[in-house]
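> What follows is a structure written as structure tokens; I'll ask about it next.
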Amino acid sequence: MTVTSLRPRLHGVSSSWHPSVSDLPADRHPATPFHTAEWALAWQLVRTEQISTRQHLVLTDGPHLHRMSFAQVHTSPLWRALEAAAGVPRCTFDTDVVCGPSLYSPYGGLPGARGPVLAEAVDRGLALARELGSDALMITNLPPAERTLWREVRFPDAELVLGRSHRTRLGTTLTGFLARIPTSQVRNAFCTAHRRGQQAGLTLTAARGPELLPHLPQLTSLLRPDGERAPSVYGADMIASLTRVPGVVGLLAQDGARTRDGFLAFHHGRALYLWAAVGDIARAHTSPARGWLMYETVKYAIASGMQVLDIGRDTYPEPARLGMLPVALTSALYLTRHNPRLIARLSALQAGLNQHQLRTS
């Protein structure tokens, strides 16, 4: 392989490949927890998502350093879950696809990077995909502003909106948050769910970092509920690995010593990111624990001085009803060869996901 070679400067940008993130310079001001070196390092330990090859691209733009992790994905439970939700009749790809970064990173891209840096990332990622025999390079989960920049420098062959996050500003009091819920009906239902959880004896445990490890056995059972034959999107190995990421906290709804539901979240600056829920989103509509947990999470975030709450994909049903604003996350696909059949499958996948969202919203 030639991926470890240094590429000459193009428009003032140079780049080099590295097989591990552990010896790379630390990020100075990562935009989200999912752009930190610690996140990339923790993800190297994950086995639920099966990776054939990992490479990390360091891009130098004058005094500025940027890093993007690329992985040739052999099997991704998250991707399979998206295909199942879309109801497509067959696997979308015929080869292992190179993703930068993993689909499990809710926010991708290179925030703050100039256009030539983005162009270099696409060019080198696409060359890596060709070298590995992949059909495509996927730059994952770009929020709207990032999507515009990437499209300007390297227009993709296809785009997929694989999910949406939701964001809201918190203010300084819970009363203020409740007052901003758009309708009294939703506000009353939200408060009623919390009251029922209180009556059921639920309490909130905030387990930070390695404090999460003793909870892993119960969290694993929630990740794969009894009677569910399909593999979980999230694995216990993910939670164990991500306890190493700065700012990680498990927000657990507990009934005595038993965990009923939970969010895996990250403090980053003045924002709290809810990355995953350990319970089943399909049951969150009828379970009092999820509504109670969201109410308590808002209280926790405000008490912790957070200004923004970011709710990731499939963590809470219908977050827009609470006045939270959706953020479409677009994945840009660059094909290694002319492939009209793959384009047709990608179009079918997007159509199916759109229909799934309409049914569940």
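> Quick one: if the Förster radius is 25 Å, what FRET efficiency do R244 and L325 give, using the C-beta to C-beta distance and rounding to 0.05?
0.20
> Separate question: Quickly rank 82-94, 138-150 as a protection proxy: mean count of other C-beta atoms within 10 Å, highest first.
Top of the packing list down: 138-150, 82-94.
> Give me the distance in nm between label points sitting 7 Å out from Cα along the Cα-to-Cβ direction at T360 and D27, one decimal.
It works out to 2.6 nm between the two label points.
> Using only the Cα atoms of region 10-56, build the gyration tensor, take square roots of its eigenvalues as a ≥ b ≥ c, and label the shape rounded, prolate or oblate: rounded if a/c is under 1.5, else prolate if a/b is larger than b/c, else oblate.
It is oblate, given that a/c is not under 1.5 and a/b is not larger than b/c.
> Calculate, for region 171-306, the solvent-accessible area per residue in square angstrom, rolling a 1.4 angstrom probe over the heavy atoms of the protein chains.
Accessible surface, normalised per residue, equals 46 Å².
> Hey, another quick one. All other residues with a Cβ under 11 Å from the Cβ of N141 taken together, and with Lys, Arg as +1 and Asp, Glu as -1, what is their net charge?
+2
> Note down the nm distance, to one decimal, between modelled labels 7 Å out along Cα→Cβ at S347 and at H64.
3.7
> Another one. Going 7 Å from the Cα of R130 along its beta-carbon direction, which residues of region 67-82 have the amide nitrogen within less than 17 Å of the resulting point?
No residue qualifies, since no backbone N sits under 17 Å from the label point.
> How big is the Kirkwood radius of region 171-306, worked out from every pair of different alpha carbons and given in Å to one decimal?
Evaluated on region 171-306, it is 15.5 Å.
> Less than 14 Å Cβ to Cβ from L325, Lys/Arg counted +1 and Asp/Glu -1: what total charge do the surrounding residues give?
Net charge around L325: +3.
> Subtracting the Cα-Cα distance from 0.36 nm times the residue separation, let me have the gained length for T183 to T95 in nm, one decimal.
Length gained, T183 through T95: 26.9 nm.
> Between region 127-176 and region 66-115, what is the C-alpha centre distance in whole Å?
Region 127-176 and region 66-115 have Cα centres spaced 10 Å from each other.
> Of all accessible surface on the chain at a 1.4 Å probe, what whole percent is carbon and sulfur?
Accessible surface attributable to carbon and sulfur in the chain totals 54 percent.
> In addition: So, counting K/R as plus one and D/E as minus one, what does the shell of residues with Cβ under 12 Å around V153 add up to?
0
> Where does each of Y316, Y334 land when they are ordered by accessible area, with a 1.4 Å probe and the largest first?
In descending accessible area the options line up as Y316, Y334.
> Nearest 500 deg cm²/dmol is fine: what mean residue ellipticity at 222 nm does the chain get from its DSSP H runs of n ≥ 4 alone, each adding -39,500 (n - 2.57), divided by its residue count?
Computed mean residue ellipticity for the chain: -10500 deg cm²/dmol.
The values are calculated or read from the model by the stated rules, or taken from the named source; none is laboratory data. The model shown is predicted, which means the values in this text are computed figures rather than measured ones. With ideal geometry, Cβ positions are generated from the backbone for all residues, glycine too; neighbour counts draw on all protein chains shown. These accessible areas exclude ligands, DNA and RNA; they are computed on the full protein's heavy atoms, side chains included. Shrake-Rupley method; radii C 1.70, N 1.55, O 1.52, S 1.80 Å.
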